[in-house]
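Asks: One structure follows; several queries about it will come next.
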Amino acid sequence: MVAIKWEKVNTWRLAQQHLLNPAETLLDVMGQLCAVQAQVMSAAELALGVRVRGASPSDIQNALWRDRSLVKTWALRGTLHLLAARDFPLMVAALSTHKHFLRESWLRYFGVTHEQMLSLLEGIRGTLTDSGITREQLAALIVQHTGEPKLRESLLSGWGTLLKPAAYQGSLCFGPSEGQNVTFVSPKYWLGDWEPVQADEAFQEIARRFLKTYGPATSDEFARWFGMTTSQAKKIFKGLGDEITQVDVEGWQAWMLVSALDTMEAMQPASVVRLLPHFDQYTIAVARHSQYLLDDVYRDKVYRQQGWISPVVLVDGRIEGVWELDKQRASQVVSVSMFAPPTAAVKQGIEAEVKRLSTFFDKDSQLNFV
């Protein structure tokens, strides 16, 4: 078993996620990250902004609603994500294997029958086009299609419980908002037809990308990241055969791509400070082995209750603090709380990141250490 030092793993991950050297385009980053959590849209914009040179919130909005090169939908772990449009068929092939919403226990819990669920999904497929309709409008049309008025309340739920299965099947994604109201469109019309991908092929390709970007990693971590059972994840890793190998990272054992070994071993320690937003993909991916990158005493400050993940200060790949952004009328305040007194070099790195935030938001920023 190959032994690797954490400093090389950290540098590899920083490089693969464009946190060492920003990428030139949004699609370069999306291809590496696979998906960007968009439960909080401003956090998704910041996650891309820190990785793409010169990116602005309007660039991301244009990619979503004008160019349609990005897609917003329910994906990994049943949460909202941004995907690259060119990767949408790959993700749908994998997500469409989700069938939990047809189990009797699930249907009973949410007060829906098997027949109602199938009728609802058929209604969504036949209703949506590339002209966005609001949740209220969609609920009214589905009630009309199914003849089941009681579905209306569930369809209007902010959690989107009854809409997620349609997203997994590639029948629904988000369209441009109308004021404060979200809208939904059909990916088939919004993006155009695509060539279907076999589920087994999709899972193996997604696993390769996961290991290329977030590895080394265990099959349990892949299961958590995607939102599948551990047995499924183990089967997918096994299917990669001799493409992957197990490594020992200072006592922690995990899998990585054989093709990446030489590059990772040649990595030199990085010196970089980054301010990552809520729900950043870097922070999500390391949650199961965070004790190697974050002192356990501070874990609750990062991985908080109800799945909330704090914005973090990343220093050479380690999580060394948390931060908050308070937007005011004329300026914004960036409050940083370090877990240990920062060095002069780390302070300079944080100051540089605050300047980057000023450029990203086109608003003056004040730095406050708390």
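The values are calculated or read from the model by the stated rules, or taken from the named source; none is laboratory data. Bear in mind the structure is a predicted one, so any value in this text is a computation, not a measurement. Glycine also receives a Cβ, built like all others from the backbone with ideal geometry; neighbour counts cover every protein chain displayed. Surface accessibility is based on the protein's heavy atoms, side chains included, excluding ligands, DNA and RNA. Shrake-Rupley method; radii C 1.70, N 1.55, O 1.52, S 1.80 Å.
Yes or no, residue by residue, for (1) out of contact with any helix residue (DSSP H, G or I) (no Cβ under 9 Å at 6 or more places or on another chain); (2) under 26 Å from residue 72 (Cβ atoms); (3) free of Cβ contacts under 8 Å to residues at least 12 places away in the same chain:
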site: 102; (1), (2), (3): no, yes, no
site: 105; (1), (2), (3): yes, no, yes
site: 110; (1), (2), (3): no, yes, no
site: 122; (1), (2), (3): no, yes, no
site: 129; (1), (2), (3): no, yes, no
site: 138; (1), (2), (3): no, yes, no
site: 142; (1), (2), (3): no, yes, no
site: 147; (1), (2), (3): no, no, yes
site: 151; (1), (2), (3): no, yes, no
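Asks: Separate question: So residue 259 clears everything in (1) under 26 Å from residue 40 (Cβ atoms); (2) polar (S, T, N, Q); (3) open to solvent by 40 Å² or more (accessible area, probe 1.4 Å) except one condition, right? Which one?
Replies: (1)
Asks: Of the conditions (1) over 23 Å from residue 71 (Cβ atoms); (2) out of contact with any strand residue (DSSP E or B) (no Cβ under 6 Å at 6 or more places or on another chain); (3) open to solvent by less than 10 Å² (accessible area, probe 1.4 Å); (4) touching a residue at least 40 places away in the same chain (Cβ under 8 Å), residue 233 fails just one. Which one is it?
Replies: For residue 233, the exception is condition (4).
Asks: As an exercise: evaluate residue 349 against (1) among the small types (Gly, Ala, Ser); (2) under 23 Å from residue 12 (Cα atoms); (3) open to solvent by 50 Å² or more (accessible area, probe 1.4 Å) and give the number of the one condition it does not meet.
Replies: (3)
Asks: Which of (1) over 19 Å from residue 168 (Cα atoms); (2) touching a strand residue (DSSP E or B) at 6+ places or on another chain (Cβ under 7 Å); (3) crowded, with 18+ Cβ neighbours inside 10 Å is the odd one out, the single condition residue 46 does not satisfy?
Replies: Result: residue 46 fails condition (2) only.
Asks: Let me ask another. Six or more apart or on different chains, Cβ under 9 Å: which pairs go from a residue in region 288-316 that's on the phi < 0 side of the Ramachandran plot and of a type in the set (Lys, Arg) to one that's assigned to a helix (DSSP H, G or I) and open to solvent by 30 Å² or more (accessible area, probe 1.4 Å)? Could you list them?
Replies: Listed pairs, sorted by first residue: 288/220; 288/224; 299/291.
Asks: Would you point out the residue of region 285-313, among those that are among the aliphatic types (A, V, I, L, M) and more than 18 Å from the chain's Cα centre (by Cα), that is surrounded by the fewest Cβ atoms within 10 Å (Cβ to Cβ)?
Replies: Per the criteria, the residue is 297.
Asks: Scan 80, 107, 121 and give me the residue that is under 19 Å from residue 39 (Cβ atoms) and open to solvent by less than 60 Å² (accessible area, probe 1.4 Å).
Replies: 80
Asks: A further question on this structure: Contact list please: Cβ distance under 6 Å, first residue in region 34-49 and closer than 18 Å to residue 323 by Cβ and of a type in the set (Asp, Glu), second residue open to solvent by 20 Å² or more (accessible area, probe 1.4 Å) and part of a helix (DSSP H, G or I), pairs at least six apart or on different chains.
Replies: 45/57
Asks: Here's something else I'd like to know. With region 139-203 as the region, which helices (runs of 4 or more DSSP H) entirely inside it contain at least 2 residues that are at pLDDT 95 or above and crowded, with 18+ Cβ neighbours inside 10 Å?
Replies: Filter on region 139-203 gives 164-168, 187-191.
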